Each structure stands twice: as structure tokens, then as C-alpha cells.
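See structure below.
The values are calculated or read from the model by the stated rules, or taken from the named source; none is laboratory data. This one's a predicted model, so the numbers in the text were calculated from it and none came from an experiment. Positions of Cβ are backbone-derived with ideal geometry, glycine not excepted, and every protein chain shown enters the neighbour counts.
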Amino acid sequence: MNHSISLSQLGWKPFFQQQMSLQEGEDHIPARVMAHHRSIYRLISESGDLALEINPYLPKMTVGDWVLVDKQQQFIKLLERHSLFSRKIVGGKSDRQLMAANVDTVFIVCSLNQDFNLNRVERYLGLTNEAGVDAIVVMTKLDCCDNPDDYIESLKVSNPMLLVEKLNALDAQSVEVLKPWCGIGQTIAFLGSSGVGKSTLVNTLMGDDIQATATIRSHDGKGRHTTTHRSLHLMPDGALLLDTPGMRELQLTDCEQGVKDTFSEIHELAVNCQFSDCQHQSEPGCAVKAAIETGELEPRRLTNYLKIKDEQAFNNASLAEKRAKDRNLGRFYRSVLSETNKRKKS
């Protein structure tokens, strides 16, 4: 990484400057998290690279975060984020995983082959809308598709204003369509499932093989995603490019507004339902079901909306239960410690 890089090139904005007092500006150094490994955060500032060893005393951070460090490169504080992406940890754990912070634009990557999945794209749109970040759907593997406009039309049926670009991730000239969103100091994040060509696209945008890639399996058209950690890279044109590992299971949590924005037409229809708590199943006077019968609303949209809504409610309940257990456990530990101290004094 270039050690003479400026804060503005790293994505520093007035939003972050306003969080610093004059004294902090004199005593501390802003640094951005560029990579998150198992035991260390790698950061960069105007003064150069530094590392913070992950320990229980540090707040949870992720790639894209801004922090203040002192002249001895010791952590001082984490600055407030203007955007944050997180998900429920894959598997049975009831906890959230931070994925990326302070992102300006998200490229939702999907492929023009049999792996194309509208439901999956809508999940990513829910996540992106919740963060308040602009989303561009990037359709890869254009060289392998004879009918790309059919895929794009299916994306725009429910959202005509959705920005969609089609390209061949292996062709630098084809990838030029993404340059308007890759200005100096702009942070670009990538979302997409394994094997859709994210790493290939990253390498082409960077002009270098910064991410390992694997060949596509011939029987199903899927690649084998090989990115193993989240990292932020300075692009030749000045943007900051963030790549995340492939996510085979995206669990949405605390994403009510994002889901509402993604399925805005359903919420607009629901205002006219006979019952305010209508679940759009078999209730009488359901305006949403009526719209399906007249062809105004695609049945798949409602099915996916209800599935995502139920999943989110379940995940939110799981997180709330875990937080309650953690609070109860904390109170128990404090009571034991207090009782132990009383006995010692007596």
C-alpha cells in the first residue's frame, strides 16, 4: 500500500471529521481498517501501515471502519459508521457478524447462467437498502449468455429503477461500465454468492490477481469461491474496493426497513387490506392477494417477501434471546463477585 496516501483517498469524509474534537485532531491519528484476519486488524493511515491485535478490550470492528490511534499506534476509539453491513452468523449461533462498514456503493454480483436467482438478489437488496447504500446489480459471465436482456427484464419487473449492468468479468473493456461508481475515495463493496465471479471481477478492476479464483464446475456452472477474509484494496482509479467471502447462507437480522424498501409495492398494496395485521395468506379483503389475482403482483415476490420476513423475525428473536441471556449471565457474575467481596470483608 502507498504510504503517501491521503485521508481523502482512503475515504475520509466530513462525517468522520465532525466526530473529532480539536484536541483529538492534534493528539490522535485517523486510520482505516483495511483487512480483518483471525487475530489481527490491518490498518492504514497517512503515516503508513499499522496493525492492531484483536483482544477482548477492542470493540467489534470490520473492514472499512475508521478508528483513532495515538502516536504510539495504540487504539483510542472507533468512529461512528455512516453505513454498516452485518448478518446472522451462519449455523446455529445466535449472534451477528459484521461484514463491512462505511461503504458508498454495493455491487450485487450475480451470473448470467443457471445459477441466477431472483430471490437471492432480493435478499442482498434488503441488506443494502437497510444500510442506506446505493446498489448496482452486476450481471457477470456475459460471454456465456445468449439472452442477457431476459435476465435483466426479470430483475426490473418489480423495480424498473433498479440499476443493472451486464459484463464479462474477464474483459477489462467490458468492466469499464462500472467506472462511474469508482471515483477517488469512494468505497465499493461486493455482495454475491459463491462462484458468481466476484473474485474475477475484483482482479480485473484491480488489474492484478489480488484474489485467488477457482475454475467453474462444468456440471452446474458454479465456481468455487476461494476468498477467505474481508479486505479493502486501493484501485488504480482511486476507489477503495472491498471484497467479502462468498456467502452461501445469508441470514437477515434487524433489517425491517430494508425489506420494506425492497418490497415497496407489497407495502403500498397492504395499506388497502381490510385488516391492518393482514398476513396476506387467506384473510378476506386482502389487497395483496387481489393484486396477484389480477396480475398486478408476481406471486413469487409475495412468497419471497413472506419467507424473508419470517426468517428475519426468527433471527431477531434469536438475537434478542441471546442478549437477554448475556445480560442475565452478567448480573449473575456480578452478584457472585459482590457476595465474594462481602465474605472477604467479613
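A few comments on the model shown:
- Subset of region 61-105 that is of a type in the set (D, E, K, R) and farther than 19 Å from residue 187 by Cβ - its residue that is modelled with the lowest pLDDT: 93
- All of 97, 74, 18 fail the test of being surrounded by fewer than 18 Cβ atoms within 10 Å (Cβ to Cβ), more than 22 Å from residue 182 (Cβ to Cβ) and assigned by TED's automatic domain parsing to the domain that holds residue 129, apart from 97.
- The set of residues in region 248-298 being loosely packed, with under 12 Cβ neighbours inside 10 Å and closer than 23 Å to residue 127 by Cα consists of 248, 249.
- Matching residues, region 267-299, being assigned to a helix (DSSP H, G or I), touching a helix residue (DSSP H, G or I) at 6+ places or on another chain (Cβ under 7 Å) and either under 23 Å from residue 257 (Cβ atoms) or among the β-branched types (Val, Ile, Thr) (or both): 267, 269, 270, 287, 288, 291, 292
- Any hit, region 131-153, residues being polar (S, T, N, Q), within 23 Å of residue 240 (Cβ to Cβ) and not in a loop (DSSP other than H, G, I, E, B): yes
- Single residue of 197, 183 found to be over 24 Å from residue 308 (Cβ atoms), among the small types (Gly, Ala, Ser) and at pLDDT 90 or above: 183
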